[in-house]
Amino acid sequence: MTFHSATNITIDRIYQGDIFEKVSFIESYVEIDGQFELNVLEFPYILILTQDCDLEQNKNERLKNLDKNDKFLISILAAPLYIAEHIFDGNHLTEIKIKTEKHSSDSKKKIKQNQNQRFHYIELDKVFNLPPLVIDFKHYFSITLNSLEKQMENKICAIEPIYRESISQRFAHYLSRIGLPNTDIVDKESTFA
């Protein structure tokens, strides 16, 4: 298991590593023959991934009320936090009609020990009343800063800096993977002698 330390921090601004509950995300918006359809997903929990220095500079510059606003953030990066058992059972995306692979006991163990590069397992102190959670690094989205600031009452806690930096590093590493071609078919003429 991977235990993470978290704190109840002040609500003066959004921090990297903040965990929010009940956050809505607009999945799609279409207009067909004058009819509008808006699909909204509500994530039970999300984690803020945007670098804290950017969040801090944004807040400081907005307080100064300057003519130049090059540090302002329009949106911030977040990742859904899925309940670990739902990930393990392969049903964490059933709300959007997606069934995923059920994990074996060996796979669960690797996820819990953060040995699977796609997932990050988070277990917090019981005081926060949160189940074990998992980030799937394939799933992330941006949310406008203004809309999230209006939901500060939904902020549960903040992951301590050392742990949030670990999450940030693992996320960046996962995104920077290099996709290699499928080598199932070997071209004998292209092999090196």
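The values are calculated or read from the model by the stated rules, or taken from the named source; none is laboratory data. All figures in this text were calculated on a predicted structure; none of them were measured in a lab. Every residue, glycine as well, gets a Cβ built from its backbone with ideal geometry; the counts of neighbours run over all protein chains shown.
hydroxyl-bearing (Ser, Thr, Tyr) and in contact (Cβ under 8 Å) with a residue 40 or more places away in the chain: which single residue out of Ser168, Ser176 fits that description? Reasoning before the result, please.
On the way: Ser176 fails: in contact (Cβ under 8 Å) with a residue 40 or more places away in the chain.
Ser168 is the lone residue from the list that is hydroxyl-bearing (Ser, Thr, Tyr) and in contact (Cβ under 8 Å) with a residue 40 or more places away in the chain.
How many residues are within 17 Å of the chain's Cα centre (by Cα) and under 22 Å from Tyr163 (Cβ atoms) if we restrict to segment 55-84? Lay out the reasoning, then the answer.
Step one: list which residues in segment 55-84 are within 17 Å of the chain's Cα centre (by Cα), which gives 55, 75-84.
Next, only the ones that are under 22 Å from Tyr163 (Cβ atoms) stay: 55, 76-84.
Looking only at that region, the number is 10.
I'd like to check something: does segment 175-186 contain any residue that is within 16 Å of the chain's Cα centre (by Cα), surrounded by 13 or more Cβ atoms within 10 Å (Cβ to Cβ) and either at pLDDT 95 or above or of a type in the set (A, V, I, L, M, F, W, C) (or both)?
For segment 175-186, residues within 16 Å of the chain's Cα centre (by Cα), surrounded by 13 or more Cβ atoms within 10 Å (Cβ to Cβ) and either at pLDDT 95 or above or of a type in the set (A, V, I, L, M, F, W, C) (or both): absent.
In the list Leu124, Leu49, Leu41, Leu66, which residue meets the criterion of being touching a Ser or Thr at 6+ places or on another chain (Cβ under 9 Å) and more than 21 Å from Ser5 (Cα to Cα)?
Numbers: Leu124 fails: more than 21 Å from Ser5 (Cα to Cα); Leu49 fails: more than 21 Å from Ser5 (Cα to Cα); Leu66 fails: touching a Ser or Thr at 6+ places or on another chain (Cβ under 9 Å).
The unique qualifying residue is Leu41.
Looking at Asn69, Asn114, Asn58, can you tell me which residue is touching a residue at least 12 places away in the same chain (Cβ under 8 Å) and closer than 28 Å to Asn146 by Cα?
On the way: Asn69 fails: touching a residue at least 12 places away in the same chain (Cβ under 8 Å); Asn114 fails: closer than 28 Å to Asn146 by Cα.
Matching residue, one of Asn69, Asn114, Asn58: Asn58.
Being at pLDDT below 90 and outside any loop (DSSP other than H, G, I, E, B) is true for just one of Glu165, Glu153, Glu189. Which residue is that?
On the way: Glu165 fails: at pLDDT below 90; Glu153 fails: at pLDDT below 90.
None of the others qualify; the one that does is Glu189.
Please state which of the following conditions Ser28 fails to meet, knowing it meets all the rest: (1) closer than 24 Å to His92 by Cα; (2) modelled with pLDDT of 85 or more; (3) not aromatic (Phe, Trp, Tyr).
Unmet condition: (2).
Considering only segment 95-118, state which residues are part of a helix (DSSP H, G or I) and loosely packed, with under 12 Cβ neighbours inside 10 Å.
Taking segment 95-118 as the starting set, the residues that turn out to be part of a helix (DSSP H, G or I) are 95-96, 105-112.
Listed by number, the residues that qualify are Glu95, Ile96, Ser105, Asp106.
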